[in-house]
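K.L.:
The structure that follows is given in the form of structure tokens.
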Amino acid sequence: MAAHHVLLLGGSGKVAQLLTPMLLQRSWTVTSIIRNPDQIAGLQKLGENQSGKLNVLVRSLEEVKSDGQAQSIIDEVKPDYVVWSAGAGGKGAPERVGYRRSSIALYLHGGRGLTWAIDRDAACHFIRASVATPSITKFVMISFITSRLEKAPWWTDEAWKEEKEIRLKKLERYYQAKVAADQVLYEESKKRPDFAAICLRPALLTLEPVGKVTLGRTAVTNGTSSRASVAYLTALLLDNPNVKTCWLDMLDGDEDPEAAVKRCVDEGVDCIEGEPYYP
């Protein structure tokens, strides 16, 4: 197994903390980017007794205002894979209160600036910088299942109408930020045939252990997704040498994660179909 170096953006999040040891067990290097220095000691424990190496860097994604600033972090870390598991965390002073991405909950007050600064702008800067870096060959975006501009062809009109009029309307700022970043990921990935842009899109996140999944074109949008399964699927997708650019929707289900990833990669499953920018 080849050794890889993963830049993990948003390393203090629940999914990221579950993913970190999974990557280290592969003898890979993980550089975890966090904002709060008080979390360094806790995160470093994830690297204990592991065959890989864990680096923890304190950087504020909120302060990444350009592709160049994202590029400077990439140049410092020198990864070959990037995982975006960051988001406006709903912590701090009122002007910082935003959408808690990790639980797919609502934000009700403020947060417009922070949500857009991180979930949209910083994400786009890192996407562009990653594509511009020849040594980076995979980028995994942790998004959410209905981060779409248009209805997926395999969803019913009724399900999409309910999603838009109820859930997405309540998540308006976060939704706008995520669909923008997802579109940039898709469009930028087309600039390099050797670059795999993977958008993994779970539903309501839970604390359940790794379990069986539904991966690919899910018939429904309202379900649950174990955070541990999201992390495990991310590790499996990074580990698969044949994975190409794809959007994969994900729910708890009845297929083993290993089999689900192999099926989707072998069959070229891509849930981006139906979007206006999809050819």
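The values are calculated or read from the model by the stated rules, or taken from the named source; none is laboratory data. What you see is a predicted model; the values in this text were computed from it and never measured. Glycine gets a Cβ as well: all are built from the backbone with ideal geometry, and neighbour counts include every protein chain shown.
K.L.:
What pairs can you find where one residue is in segment 246-259 and assigned to a helix (DSSP H, G or I), the other is modelled with pLDDT of 95 or more and not polar (S, T, N, Q), and their Cβ atoms are less than 8 Å apart, with a gap of 6+ or different chains?
P.N.:
Pairs found: Pro257/Val210; Pro257/Lys212; Pro257/Val213; Pro257/Leu215; Pro257/Tyr232; Pro257/Leu233; Pro257/Leu236; Glu258/Leu236.
K.L.:
Examine segment 267-279 for a residue that is in a helix (DSSP H, G or I) and either crowded, with 18+ Cβ neighbours inside 10 Å or modelled with pLDDT under 95 (or both), and state whether such a residue exists.
P.N.:
The answer is no, given that none of the residues of segment 267-279 is in a helix (DSSP H, G or I) and either crowded, with 18+ Cβ neighbours inside 10 Å or modelled with pLDDT under 95 (or both).
K.L.:
OK, next. Tell me whether segment 20-32 contains one or more residues that are closer than 25 Å to Thr115 by Cβ, touching a helix residue (DSSP H, G or I) at 6+ places or on another chain (Cβ under 8 Å) and hydrophobic (A, V, I, L, M, F, W, C).
P.N.:
no
K.L.:
Among residues belonging to segment 2-13 that are more than 12 Å from Ala86 (Cβ to Cβ) and at pLDDT 95 or above, point out the one that is surrounded by the most Cβ atoms within 10 Å (Cβ to Cβ).
P.N.:
Start the filter on segment 2-13 by keeping residues that are more than 12 Å from Ala86 (Cβ to Cβ), which leaves 2-6.
Narrowing the set further to residues that are at pLDDT 95 or above leaves 4-6.
Numbers: His4: 19, His5: 20, Val6: 27.
Across segment 2-13, the extreme among qualifying residues is Val6.
K.L.:
Got a sec? Which of Ile145, Ile127, Ile136, Ile198 is closer than 20 Å to Leu238 by Cβ and in contact with a Pro (Cβ under 8 Å, 6 or more places away or on another chain)?
P.N.:
Selected residue: Ile136, the only one of Ile145, Ile127, Ile136, Ile198 that is closer than 20 Å to Leu238 by Cβ and in contact with a Pro (Cβ under 8 Å, 6 or more places away or on another chain).
K.L.:
Let me ask something else about it. Out of segment 222-279, which residues are more than 24 Å from Leu204 (Cβ to Cβ), of a type in the set (S, T, N, Q) and over 16 Å from the mean Cα position of the chain (by Cα)?
P.N.:
Asn240, Asn242
K.L.:
Now for a different question. Could you list, in sequence order, all residues of segment 216-245 that are surrounded by 19 or more Cβ atoms within 10 Å (Cβ to Cβ) and assigned to a strand (DSSP E or B)?
P.N.:
Selection gives Gly216, Ser225, Ser226.
K.L.:
Condition test on Leu108, is it at pLDDT 85 or above and out of contact with any His (no Cβ under 7 Å at 6 or more places or on another chain)?
P.N.:
Taking the combined requirement at face value, the residue does not satisfy it.
K.L.:
If I filter segment 46-65 down to residues being part of a helix (DSSP H, G or I) and of a type outside the set (Asp, Glu), which single residue comes out as nearest to Leu7 (Cα to Cα)?
P.N.:
Leu61
K.L.:
Ok, one more. I'd like the residue in segment 5-27 that is assigned to a loop (DSSP other than H, G, I, E, B) and either touching an Asp or Glu at 6+ places or on another chain (Cβ under 9 Å) or in contact (Cβ under 8 Å) with a residue 60 or more places away in the chain (or both) and, out of all such residues, is nearest to Tyr232 (Cα to Cα). Show your work before the answer.
P.N.:
Taking segment 5-27 as the starting set, the residues that turn out to be assigned to a loop (DSSP other than H, G, I, E, B) are 10-13, 25-27.
Next cut, either touching an Asp or Glu at 6+ places or on another chain (Cβ under 9 Å) or in contact (Cβ under 8 Å) with a residue 60 or more places away in the chain (or both) only: 10-11, 13, 26.
Details: Gly10: 17, Gly11: 15, Gly13: 15, Arg26: 12 Å.
Per the criteria, the residue is Arg26.
K.L.:
Would you check if Leu168 is at pLDDT below 95 and of a type in the set (A, V, I, L, M)?
P.N.:
Criteria met by Leu168.
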